[in-house]
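Notes follow the structure.
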């Protein structure tokens with residue numbers, strides 16, 4: 001009995017130590033291909049049905065000047081970084097009910113990591129996003 | 001023979017029914033339920049209203065993208081870069097997007113919403129469009145994105161009839177994408193699945 005309990009504690013400790021919330025390293029080359037899914041509504045350098053992605057990292061949600069956001073996005077207390085993007089891309093309407101981004105999300109964690117890796121590069125590119 | 005269909009036919013009665021059940025009548029029912037001390041029933045009625053709002057919001061996002069696609073094809077057709085028969089193809093695809101937009105706007109109104117309107121000005125990457133293939137590649141990117149957008153929207157619709165109708169539009173966008181890839185000399189159907 002003692003042995004079984006000790007084993008359970010060890011298994012639990014191992015599970016707790018797993019970085020369940022950590023984001024897998026992303027591949028920006030794959031991420032660029034995944035971004036094709038976003039191009040009905042988004043572009044890097046200019047606003048479309050969705051806001052532009054240049055300057056995305058570190059920007060407050062609803063923070064592109066002049067873009068007409070949903071009230072949910074405009075009032076969200078979120079700053080975009082790898083973690084918040086991962087949560088949003090996994091389930092946009094779950095994280096932010098009322099968002100105009102009526103998209104079920106990207107279920108595959110690795111795909112999200114790849115897309116985020118590419119967005120991190122491209123949204124800060126001086127060619128795509130001149131100052 | 002191609003039979004022209006109305007993918008939103010199933011909504012012709014449903015729209016009115018859901019509207020009545022989801023807005024004014026629903027709020028009255030919710031108020032009655034609250035007054036009768038039945039908060040669970042009131043909450044249920046409120047969630048129907050939320051469902052309607054969700055569907056209208058998704059439809060309006062789709063409509064916004066369709067209106068932009070119409071403008072994009074107008075830009076492409078007017079660029080002077082497209083030669084027949086590719087030019088005819090662009091005009092035909094633009095016509096499809098006009099049909100999508102019209103039926104989306106009509107459905108939004110049926111559900112009690114207000115359809116978004118076309119912008120006065122759309123921004124397109126015209127500096128990078130120098131040849132027919134540039135225009136085709138740009139259009140293919142929009143169509144490919146549209147497939148993903150509808151694919152991502154279909155599971156979110158609270159009304160199954162709306163999901164079915166959106167899937168019908170998705171099929172058309174996928175055909176556009178394949179034809180444009182073919183015109184570009186690319187594999188028209190590069191994968192077995194879309195995402």
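Here are the numbers for the structure shown:
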| read-out | value |
| --- | --- |
| Tail fraction, Cα-Cα pairs, region A:26-122, threshold 15 Å, whole percent | 59 percent |
| Extension gain, residue B:92 back to residue B:47 (0.36 nm per residue minus Cα-Cα distance, nm) | 12.1 nm |
| Column: log10 I(q)/I(0), Debye, Cα scatterers of region B:52-183, q = 0.09, 0.10 Å⁻¹ | -0.26, -0.32 |
| Relative contact order of region A:26-122, defined on C-alpha pairs under 8 angstrom at six or more residues apart (%) | 39 percent |
| Neighbour-count ranking [beta-carbon atoms within 10 angstrom, fewest first] of A:70, B:148, B:195 | B:195, A:70, B:148 |
| Alpha carbon centroid spacing (whole Å) that separates region A:47-109 from region B:138-195 | 23 Å |
| In nm, spacing of pseudo-spin labels at residue A:32 and residue A:82 (7 Å Cα→C-beta vector) | 2.0 nm |
| Highest to lowest packing among A:35-48, B:73-86, scored as the average C-beta count within 10 Å | A:35-48, B:73-86 |
| Inter-chain shielding of B:59-69 (mean C-beta neighbours from other protein chains, 10 Å cut-off) | 4 |
| Gained length - residue B:168 relative to residue B:9, 0.36 nm times residue gap less alpha-carbon distance | 56.1 nm |
| Ranked list, fewest to most other Cβ atoms within 10 Å of each Cβ, for A:32, B:68 | A:32, B:68 |
| Exposure proxy ranking, count of Cβ atoms within 10 Å, fewest first, for B:138, B:193 | B:193, B:138 |
| Taking region B:52-183 and dividing mean pair separation by its residue count, relative contact order in percent (alpha carbons under 8 Å, at least six apart) | 30 percent |
| Inter-label distance for residue B:123 and residue B:195, nm, one decimal - labels placed 7 Å from Cα along Cα-to-Cβ | 3.0 nm |
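FYI, it's all coordinate maths here, none of it is from the lab. All figures in this text were calculated on a predicted structure; none of them were measured in a lab. Here the Cβ is made from the backbone with ideal geometry for all residues, glycine too, and neighbour counts use every protein chain on show.
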